[in-house]
Every structure is written in structure tokens, then in C-alpha cells.
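Please treat every number below as a calculation from the coordinates, not as lab data. These figures come from a predicted structure and were not determined experimentally. Positions of Cβ are generated from backbone atoms using ideal geometry, with glycine treated the same way; all protein chains shown enter the neighbour counts.
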Amino acid sequence: MLELRGVRKSYESPTGEELQVFHDVTLDVGAGEFVAARGPSGCGKSTLLLVCGTLLRPDAGSVRVGGTDVYALTANRRARLCAERVGFVFQQFHLVPYLTVRENVLARTIALGVEDAPGRADALLDRFGIGGRAGHHPAQLSTGERQRAGLARALLGSPGLVLADEPTGNLDDENGRVVLDALSEFAKAGGAVLMATHDSVAAEAADRSIFLAGPSTDLNLAQRPAMSGTKS
Amino acid sequence: MRIAHLISREMRYRPLNAVAAVAAVAVASGSLVASTMVLDVFDLQTEALLLAKEKAVADQMAAMEDEYRKITKRMGFNVLILPRDQDLGDFYADSYSEKTMPEEYADRLANARDIATIRHLLPMLQRKIEWPERRRRILLIGVRGEMPWAHRANKKAIMEPVPPGTAVVGWELHRSLGLAKDDAFMFMGKRLRVHALHPERGTIDDITLWINLREAQALLGHEGRISSMLALECMCAWADMSKVRPDIQRILPDTQVVEVAGKALARAETRNEAKRNAQALVEREREHRAALRAERETLISILVPAAIAVAALLVGLLTYLNVRERRGEIGILRALGLRTLQILGVFLGKAALLGIAGGLLGVGGALLLGPLYAGAGSIPDAARASGCAFTISVVLAAPLVTTLAAWLPSLAAAMEDPASVLREE
């Protein structure tokens, strides 16, 4: 589902110095696989997810989602691919504040027509135990409920690939477990999950973990044992 | 879910932003419609005012016309009987008839039994000649006095005959020659005495010398001839020249009859002058109203564009602030797969919606309140005054202007890098 080949990404520091985030990354996340990308804060986990999620063009290398070279596409087709194949779950939830929970889940349908979207949205909300909060606004929800709403939004339309950036970072254990279980279930159902986390407990929910070192370290993930796909 | 839903939800979430933009657009579009209405109503009022004045003048003139018709009917009018072979062009150019006709014509007319239209008949012989003794060019008129009517009661004479051996002298002649009443002077070798002096008339009369007809005929070598007959105060039941002319020509077929300036004509001229003055008053009123309109137009031409520019700037600024405030949301929407055009649509759609709301509110307000200020009778009157097509075009133009004003900030939103935004958030 997700293939990275020789991907490199660097930023320019305010002083004009080039800060290399990662270098020559090779990674495969297949359908039905739940992979945890681990490493300390600032090591480039979130950047890796953005690159994988079609939102950040790498300096070099190729990113394929469902076999399509993402950054070879036009901006519109890339956006379309993102809407069809990729679901994001963020640590900060990123719910639209003026939409209700149900509307937040359905916001994905602005970009993509989803068959029976309202019914599927309600089903997802019920599945994550927040069906009764469908008419509430994000500000009226607990953090756990917000993340469950974010999860429901990511899964609407069966995207194929879910990119989760520290999805349990702000949650208590119980809510964290709900989220991790949902991601595992999604993977077991044939989806691919790449989760960035620095939490070893959360990483244990994944099928395997990969490790990213410091932000300016050259890293060839493919040469690291942790990237081989074994559960750490 | 559609973008429109997103827009309406956001506007409800941040009402101040929307209300400020709608108010600005409403003020601009309302002032545009109201100002046009003010000008249009002013034009309508001007038109009505001038029409009323013109009608008043016309009514006054019609009343005067009727009065003068009655007056001239009672007074009759003056005609001049000329020899048939007299060229009228020459007559009007020279002010007298060069051709002559028998003096007997005057007797024939006076003795006719069946002519009822003429009251006074004055035969005369006229010539423009050089006064040899004084080397002055004058008009010499030989008059016989008024012809007595043979078959009806004579009216009081309106012109006395000039006694033989005397002359009546025009103002310019006696003034420049220093002649006084009873002074004796020589004229074409004949000694004459001043019988009367005319006051200034401002006409050819001022260089005219009136003498007895017989003496004039003798001096000019036209014995028994006259050049014209003046028929004064011709009465006609219809006050119509076309009735007088055949009445005279039936008796004197070798003549022609023309109307000459008399009191009736003078009064008609006075009446025309009064009409001209009244029309000039109307014209002055029209110019005054036009000047007032120009003043208002100048003021409006400054205020209205300023209001539109301020509204456009405000909408642009509010959109910019809105974009800054919603950067995180833009990142989320991009992560959900919204395309650049859809992000652009989120902000431009909102701007257009604000424009429509502001346009409707402003135009509606102008139509409701405008009549109070502009003086139009009612909303339909006001709408008619400002023009339906114009009003609709303002409602349609308002979203166009707001969309244009919001274009740059919306474009900035659409070009926002989602990765940067999501990392910052």
C-alpha cells in the first residue's frame, strides 16, 4: 500500500543552514500491516507522515500509495488520491471547531463522494462510542472523544492507508487503547497503518516498529534492523 | 457535505466577521441605490415642476388668448386697400404704395350700400421724396380726411383732414428743422403753415409730412389718384380677415387688401412677449434645477465610490483576517483531500454570500428608507425611480465586488502549505 524509495527530506534553518531530517528512506507498509514509526521528539516522524500522506514533497526519492507515484501527479490528482486513499489521525485531533462531530466526520465528503456517507458516519461514531455526541461541537467533547471523532473521520470512505501522528499522545490509557484497537482492527481488515509514536506501549500495538534517529542524522532506514519489519 | 454548508456553519461560528462585511456592503450598495434614487426622484420632481409651470403658462396664455380674442373682436382690425398692380414686396420694403388708383374708389366704397365691415375709411397719397428746400428725404402723405358714409350713421372721426395750405409735421422733422406750430415754411415751392406737430412715435411717422390730399396730388402730379386707403377698425362678426377682404374686393375688384399693424397686432405682440417671459421663467427654473442636480451629482460621485472602495477594502481585510485565523482549518481540509480550487471556493464563496446578503440588505434598505429622504411617494415609486434593472444590477454587482476584494487573501489561503500549517498546529 505504501512504498518509500530513497526518500530524503531536509529543511532550511533560520540561519540558512540545511537541516537533514531523513536520508535515503526505504519503507514498505503493506495492506493489513500496522507499522509504528518510533523515535524521540523532533526526529522527523511527523514529517515522514506528511510526506507519506501526499502533503509534503520530499527532496528526493519516490513515494507510492497504492502503487501510484504520489509526487508525479498533478496537485489536483494528488489531492484526489489523498481523499481516496489516505486518512489522517492527529495528536491534536484537528477537528473543525464550528462543525458538529457528525459534520466533522462528513467533512471528508467535500473532497470525495462517499456512498451512504451519513449512514457510515453514524455507524463509525456508534462504533467508537460517541454516537450520542454526534450533534455536539468539538469544544463540548473530552479529549478521548475528540480523538475518536478524528479516528472516525479518518476511516470514513475506507481510505486504505491511515497515517496516525501520536494518536494516543494526549489520551488516557483507556482512550488510547480504544484508538489503538481501532487502528489494529483497520489493519486486520486489510488497511495499512503507519503510526508515529514515541510511546513504546502504543508501539506494541503495531505489527512492527521502525526507528528514526535524531533530526540531523543521516538515516537509511532500510539498512536498520528495526526497519526489517519485525516487532520490536 | 458541500462547501456551502461549511461556509454557512463558519459564518454562524464567527458572526462578527460576517456582520461587519455585510454591513459594509449594505452601506455601499444602499448608498449607490439611494443616491441614484435621489437623483432620479429629483429629476422626476423637476420634470413634474416644469410641466406644471409650463401648463400654468399655457393656461394663462390660453386665458389671455381668449381675452384678446374678445378684445380684438370688439375692436376690429385695420386693413390697407392697395392698387391691384402694387407689388407687395415693394410695398413692405418701401412702407408705401408706389402704384396709384383712382380717388373715386374711396367714394365708391363709402357710397356702397351693402358693406358693413368698415368703420373708418382714409384715402391717401404717399411718396418718399426729397424735400428740395431742406434737402431732407421725407415721406409725404396727402390725406383727405375721413370719408363720410352715405348710407349709415357716421362714427366720430378718428382722423381729421389737414386743411389746405397747412401741414402736420413728424417729430424728427420739426425737431431737427426747428419748426413750431403756425410756423410758415416752403415745401416744393409752396408756402405752408404748420398745423400740428406730432410727438415722437419711433416709426416712419417721425419723418412724415402730412398735407392736404388735393395739394399733394397737385405737387406730385397725380391729380385724382390715391396710393392707398386705410380702413380702420374693420368690424367682422368672425374677426376674420378672410371675411373682410372679399367684402371690399366685391366693390373694388381692382384692389388688394392687406392687414396692417394695429392695436390688435400690438396687443398680440405684447401677449407673445408675455409668453416669452413666462417661458424664460420656466427656462430659468430648469437651469436652477439642473445646477442643483449637478451639485448633488458631484457630491454623490465622490461619496458613493468612496463607500464602495471602503466596503471592498473592509471585505478584503476581513477575508485576510479570516484566512489567518483559519490556517489550521485549511491544513485539515487539505489533509482531507480538498483541492486548491475547493479551498479557494470556501473563501470566495463566503465573500460572494456576504456580497449577496449585503447587496440585498443595502438595496432593500435604500428602497425602504430612500423614499423618506428622496421624497418619493412609495417603495414602488422609489423602485421605479431608481430603475428596476439598475437595482438588480447593484444586487448582482455586490457579490462580484466582494469576490474580487477577497480574491488575494483567498488565493493566499488556497496556496497555503498544509504541511507547514499542520506542523505549526
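Listed values, structure above:
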quantity	calculated
Label-point separation, B:V258 to B:R324 (7 Å along Cα→Cβ), nm	9.2 nm
Mean-position separation - Cα centroids, segment B:41-65 and segment A:87-132, in angstrom	73 Å
Label-zone membership for segment B:322-338, site B:A20, 7 angstrom Cα→C-beta point, backbone N under 14 Å	B:322-326
Shape box of the protein assembly as shown [Cα atoms, principal axes, largest first, Å]	158, 51, 38
Averaged over B:326-332, number of beta-carbon atoms from partner chains that fall within 10 Å	4
Antiparallel DSSP beta bridges within segment A:2-228, percent to nearest 5	45 percent
Under 13 Å from the Cα of B:K99 - aspartates and glutamates, other chains or at least 8 residues apart	B:D85, B:D87, B:D90, B:D254
Net length gained if the chain between B:R113 and B:N277 were fully extended (0.36 nm per residue, minus Cα distance)	54.4 nm
Residue-averaged beta-carbon neighbours from other chains (10 angstrom radius) around A:72-79	3
Separation of alpha-carbon centers, segment A:161-211 and segment B:311-375, rounded to whole Å	41 Å
B:K243-B:Q45 FRET efficiency (beta carbon distance; Förster radius 56 Å; 0.05 resolution)	0.70
Among A:L151, A:L171, A:L141, residue whose mean-square fluctuation peaks in a GNM of chain A (springs only between Cα atoms under 10 Å)	A:L141
222 nm mean residue ellipticity, helices alone, for the protein assembly as shown (DSSP H n ≥ 4; -39,500 (n - 2.57); rounded to 500)	-16500 deg cm²/dmol
Approximate spin-label separation B:R134-B:M186, in nm, with each point projected 7 Å along Cα-to-Cβ	1.5 nm
Per-peptide average of other Cβ atoms within 10 Å, ordering A:125-138, B:348-361 highest first	B:348-361, A:125-138
Distance (nanometres) between label positions extended 7 Å along Cα→Cβ at B:R201 and A:S200	14.0 nm
Chain A - convex hull of alpha carbons, volume per residue in Å³	122 Å³
Residue exposure sequence - B:F390, B:F347 - by fewest surrounding Cβ within 10 Å	B:F390, B:F347
Per-residue mean of C-beta atoms belonging to partner chains within 10 Å, peptide A:98-111	5
Calculated FRET value between A:A72 and B:L368, using beta carbons and R₀ = 45 Å, to 0.05	0.15
Footprinting exposure proxy for B:T319, A:T47 (fewest neighbouring C-beta atoms within 10 Å first)	A:T47, B:T319
C-alpha center-to-center spacing [segment B:1-24, segment B:174-190] in angstrom	106 Å
Cβ-Cβ FRET estimate between B:K55 and A:D116, R0 fixed at 60 Å, reported to 0.05	0.20
